[in-house]
Amino acid sequence: MSAFLPLSLPTITSYQPKHSSSSLTKLSPVQDHSFFTPIRNNAFKNTTFIFKSLIRASSTSISSITVEKDVTNGTVFVIRAKDKTNCLNVITRVLKGFKVENPIVQEKENCFVIKFVVTDLCGNKIEDEESLIKIENLLKEAVNEGVVLRKPGFVGGKIGKDRMFELMDGFLKNDPISLQKDILHHVEYTVARSRFSFDDFEAYQALSHSVRDRLIERWHDTQQHFKKKDPKRLYFLSLEFLMGRSLSNSVINLGIRDQCAEALSQLGFEYEVLAEQEGDAALGNGGLARLSACQMDSLATLDYPAWGYGLRYQYGLFRQIILDGFQLEQPDYWLNFGNPWEIERVHVSYPVKFYGNVKEDVVNGKKCKVWIPGETVEAVAYDNPIPGYGTRNTINLRLWAAKPSDGYDIESYNTGDYINAIVNRQKAEIISNVLYPDDRSYQGKELRLKQQYFFVSASLQDIIRRFKDVHGNFDDFPDKVALQLNDTHPSISIAELMRVLLDEEHLGWKKSWNIVKQVFSFTTHTVLPEALEKVPVDLFQNVLPRHLEIIYDINYAFMEELKKKIGQDYARLARMSIVEEGATKNIRVANLSIVCSHTVDGVSRAHYELLKTRVFKDFYELWPEKFQYKTNGVTQRRWIVVSNPSLCALISKWLGTDSWIRDIDLLARLREYASNSDLQKEWMMVKKINKMRLAEYIETMSGVKVSLDAMFDVQIKRIHEYKRQLLNILGVIHRYDCIKNMDKNERKKVVPRVCIIGGKAPPGYEIAKKIIKLCHAVAETINNDDDVGDLLKLVFIPDYNVSVAELVIPGSDLSQHISTAGHEASGTGSMKFLMNGCLLLATADGSTNEIIEEIGAENMFIFGAKINEVLTLREQDSTVEAPLHFVRVVRMVREGYFGFKDYFKSLCDTLENGKDFYLLGSDFASYLEAQAAADIAYVDKKKWNEMSILCTAGSARFSSDRTIEDYAEKTWGIKPCKCPF
Ligand code: NBG
């Protein structure tokens with residue numbers, strides 16, 4: 001029988017001491033027992049033999065091994081350590097020949113207390129002194145080796161330090177020969193292939209590791225510099241990041257692309273071929289996620305002291321497979337072949353708790369709450385260095401992966417049920433397994449809530465730990481920390497920070513709230529009130545009981561304050577409450593975010609107007625000063641320099657400098673040359689090269705041969721009814737129908753088109769999937785109609801992602817952004833096309849309104865209802881007659897002209913009899929006019945080229961550099977912190 005209570009883990013491993021968290025390091029080992037339950041205390045009452053060996057792990061914290069011999073049935077060892085990673089495994093390993101039982105791990109601020117009972121292999125108590133000393137020495141050895149306790153800093157003192165600097169006295173060199181040596185070194189020692197035999201993928205791996213080494217150097221310097229300067233840091237919390245490929249972006253930002261290419265070519269490899277080997281990191285769905293990636297690039301380039309935090313999904317966004325024209329989803333096994341761009345930080349891990357209940361306690365004479373969780377999962381950090389361009393600054397994107405906490409191991413100690421223990425381990429990992437593949441609809445799912453809390457809790461522990469390393473109290477927290485909520489997904493961090501300050505730091509409500517309301521800023525990415533996230537209260541209560549209490553308290557205070565301001569307007573109070581009453585009670589996460597953030601940002605001016613007048617009208621009227629907008633932007637590094645090197649070179653040539661890569665406003669100078677025929681010729685050549693690349697890709701992917709003389713007309717984005725890919729397809733059907741009805745002479749006047757559509761439909765979104773199928777069905781008819789030939793082709797590009805976009809955008813002549821006005825918060829695809837000199841055919845929605853201001857409506861093809869007309873049109877819809885050609889094309893689909901008559905019926909039903917919510921019918925005529933205007937413009941090559949150049953020249957305002965500078969100044973209050981070269 002052990003002296004400990006039988007463990008019913010995982011509760012006990014995550015057991016929270018009743019007393020102040022700082023008490024542990026101050027108390028002597030004997031007193032330490034006080035935080036165990038009374039029965040456990042009894043077990044130690046007769047302690048007569050205690051010896052202590054202090055190990056100096058750092059000057060500020062004590063780490064020790066304590067032995068307590070006179071416990072009834074064994075000897076209790078207590079290790080207090082800074083790090084518990086792998087600790088129990090190490091202990092059982094070094095204590096071979098002994099039995100280790102009933103371990104308890106408790107975490108205390110900066111320290112872990114690991115207790116366990118040791119007996120001989122038969123379970124008998126060890127009585128002889130010699131064996132006890134042996135055990136203690138074994139443990140000490142493990143500790144001294146740094147397996148259990150990490151030794152911070154330079155253990156060897158000055159001599160060791162000097163020696164280390166002597167050995168590593170410089171940075172890695174970037175000349176081709178040094179690069180070659182490094183590549184071969186990694187071939188041999190990292191990839192473990194022979195230097196005489198390795199293929200393109202292995203060469204890619206070796207190259208990536210060589211680049212990564214350079215990133216790490218800069219990353220270290222940057223972190224060191226930030227640490228020294230201790231500036232206010234921005235922490236960008238986002239559940240999604242769509243990073244795409246890293247190699248091509250890293251070599252550009254490090255300024256070593258040409259050197260790498262040269263080094264490789266001498267080894268018999270082609271840089272471009274190797275870059276193609278990399279799969280996308282697709283840890284996000286669409287606009288919001290790619291925006292986060294662009295913003296990280298700008299934060300690094302502009303030297304801001306920033307960190308990104310997110311979740312390291314085992315499976316990113318699903319792979320789209322097209323079978324007979326239908327979308328099928330396959331898991332994205334993106335980590336299967338390793339990921340050289342991340343650094344696993346096994347020593348950076350935090351416990352994250354779930355479930356359980358809340359108890360009242362008294363600390364220092366004051367009542368306080370203690371959350372006794374029912375499950376603990378470990379969050380392990382994976383760091384992804386993000387290099388800036390033209391700077392040494394390299395910031396960090398820290399993604400968390402869920403691993404089982406030690407608690408799961410301990411269960412197997414108790415029950416002996418080894419197999420079940422392993423199965424339980426896997427359960428913990430589920431949290432970071434898979435990305436939810438829908439960017440617009442939120443169902444109150446337990447796993448989703450756990451994912452959100454998991455990444456937020458780990459991130460906050462990390463942020464607070466970093467802050468406390470330097471600051472003795474929380475007074476300066478708002479001056480040093482800015483927490484950005486990227487949409488509502490990380491908003492639970494508000495309640496979590498409040499909980500930590502209240503329950504763990506014991507700052508009291510007033511002080512904690514004062515801190516919380518100064519640090520958070522919130523950006524919303526949606527327009528539709530129904531797309532705002534809600535979490536059922538029951539679910540909250542179960543998963544995060546303490547957080548629910550805190551949210552109720554915040555809401556109570558808010559409601560009281562509001563009543564004072566607006567009186568007894570119960571309808572408005574109910575609308576603004578964080579808690580939604582009804583059949584199922586919900587937490588309105590957006591309301592929580594607005595109430596607790598100092599700034600609420602929209603993502604374009606039009607979006608901001610909608611927030612003020614519709615989505616968050618009540619809140620705007622209460623706190624107009626909280627509301628702002630920062631029009632989105634994209635990074636020119638990825639979207640011109642990486643993806644369109646020929647255009648990049650051409651721009652630099654004509655501007656006489658490549659400074660525009662950092663200073664995007666310089667692009668405006670291209671306007672002077674827009675009508676210059678030499679530039680136009682070169683501009684056209686560049687477009688042609690990119691169209692050739694795209695045409696080859698199309699042929700490989702779909703077997704369709706397309707003519708380079710045709711206008712490449714592209715719509716690539718997630719498939720949604722509001723984005724109106726269906727309008728595009730109906731337009732293509734109309735064009736086809738017209739061509740079919742033309743005589744030979746008329747056909748000669750037709751401007752040939754290649755219509756390209758790409759995008760993924762959320763797996764559960766039936767109508768979106770039917771749109772994909774319709775696209776294929778129509779393509780099948782058109783592309784096989786010899787009568788039409790090169791005059792019209794329709795292709796669907798499967799598995800649209802960042803790297804596909806990098807190929808498609810530079811090769812496009814025209815791109816479509818045709819959402820029903822008032823539905824696209826901003827749109828960022830349009831900005832990428834614009835930078836690449838591609839003309840826009842668009843509705844006056846989201847950021848397009850601002851693009852019109854920069855480019856001029858005369859250089860674009862704008863059509864359709866305006867935002868303020870949409871509501872009226874909707875009311876009229878059933879009375880307004882749809883134009884005849886609209887009725888005709890819908891009938892062609894309905895009556896089975898493209899086959900699958902029954903399947904497309906429900907799709908057609910969304911367009912007729914008053915159901916046309918997205919107003920395809922009423923916008924159809926003006927859509928066709930805009931298309932006709934594009935045809936006419938395309939024939940006049942000189943005019944077209946001029947417009948194209950003006951697009952690029954006018955795109956400066958849509959760089960994410962501008963967005964980030966705006967945020968830094970007006971929302972976050974952070975300043976650049978440049979790492980010296
Ligand atoms: C999207 C909006 C876009 C906007 C991006 C980035 C989501 C949930 N929202 O209009 O639909 O450009 O966010 O702000 O991805």
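General observations
- Per-pair calculated FRET efficiency, R0 = 35 Å: ASN542 and ASN514 via Cβ, rounded to 0.05: 0.70
- Close amide H partners of ARG312, meaning residues 5 or more places away or on another chain with modelled amide H under 5 Å apart, are TRP400, ALA401.
- Cross-link partners for LYS359 among the lysines, with Cα-Cα distance under 19 Å and sequence neighbours closer than 8 places in the same chain left out: LYS18, LYS108, LYS367, LYS369.
- Global form of the stretch 622-763, assessed from the alpha-carbon gyration tensor, a/c cut-off 1.5: oblate
- Percent antiparallel among DSSP beta bridges (both partners in the chain, rounded to 5): 60 percent
- Helical contribution to [θ] at 222 nm, DSSP H n ≥ 4, -39,500 (n - 2.57), averaged over the chain, rounded to 500: -13000 deg cm²/dmol
- Phi angles of the stretch 627-637 translate, via the Karplus equation with coefficients 6.51, -1.76, 1.60 and θ = phi - 60°, into HN-Hα couplings of 8, 9, 9, 10, 4, 4, x, 10, 8, 5, 4 Hz per residue; Gly and Pro are given as x.
- Between the C-alpha center of the stretch 625-656 and that of the stretch 319-373 there is a gap of 34 Å.
- Tensor-based shape of the stretch 417-477 (alpha-carbon gyration tensor, a/c under 1.5 rounded, otherwise prolate or oblate): oblate
- Taken along the Cα-to-beta-carbon direction at a fixed 7 Å, the label points for LYS161 and TYR189 span 2.7 nm.
- Rough spin-label spacing in nm, given labels placed 7 Å along Cα→Cβ, for GLU625 and LYS369: 3.0 nm
- Cross-link pairs beyond the 19 Å C-alpha cut-off, checked among LYS228/LYS970; LYS232/LYS626; LYS723/LYS866; LYS748/LYS793; LYS517/LYS626: LYS228/LYS970; LYS232/LYS626
- Vicinal HN-Hα couplings computed from phi for the stretch 327-344 (Karplus, 6.51 cos²θ - 1.76 cosθ + 1.60; Hz; Gly/Pro x): 7, 10, 10, 10, x, 9, 7, 5, 9, 4, 9, x, 9, x, 8, 10, 10, 6
- Annotation: amide H-H contacts under 5 Å for VAL348 (H modelled 1.01 Å from N, sequence separation of 5 or more, or interchain): ALA381.
- Taking amide H as placed 1.01 Å from N in the peptide plane, the amide H of VAL363 sits under 5 Å from that of CYS368, each at least 5 places away or on another chain.
- Between ARG693 and SER197, the modelled labels are 3.5 nm apart [label points 7 Å from Cα along Cα→Cβ].
- Alpha carbon centroid spacing (whole Å) that separates the stretch 795-872 from the stretch 418-463: 35 Å
- A straight Cα-to-Cα reach below 16 Å connects LYS161 with the lysines LYS151, residues fewer than 8 places away in its own chain not being considered.
- Rounded Å value of the spacing that divides the Cα centres of the stretch 301-317 and the stretch 196-254: 11 Å
- Nearest 10 degrees, 0 to 90: helix 287-301 Cα axis against the chain principal axis: 70 degrees
- Taking θ as phi - 60° and the Karplus parameters 6.51, -1.76 and 1.60, the scalar couplings of the stretch 647-661 work out to 5, 4, 5, 5, 4, 4, 4, 6, 8, x, 6, 9, 4, 4, 5 Hz in sequence order, x denoting glycine and proline.
- When each of GLU699, GLU625, GLU378 is scored by the number of other beta-carbon atoms lying within 10 Å, the sequence from fewest to most is GLU625, GLU699, GLU378.
- Overall form of the stretch 861-981: prolate. Here a/c, set by the Cα gyration tensor axes a ≥ b ≥ c, is 1.5 or more, and a/b is the larger of a/b and b/c.
- Helix 200-229 axis, angle to the chain major axis (alpha carbon atoms, nearest 10°): 60 degrees
- Where trypsin sites (Lys or Arg not before Pro) fall in DSSP loop in the stretch 846-907, at most 11 other Cβ within 10 Å: none
- Using alpha-carbon coordinates, inclination of helix 157-167 to the longest axis of the chain, degrees: 30 degrees
- Value of relative contact order over the chain, rounded to a whole percent, pairs C-alpha under 8 Å and six or more apart: 11 percent
- Taking other C-beta atoms within 10 Å as the exposure proxy, SER955, SER948 rank SER948, SER955 from fewest upward.
Read-outs throughout are calculated quantities, based only on the coordinates presented, and are distinct from any laboratory measurement. In this text the structure is predicted, and so the values were computed from the model without any measurement. Don't worry about glycine lacking a Cβ; one is built from the backbone with ideal geometry, like all the others, and counts go over all protein chains shown.
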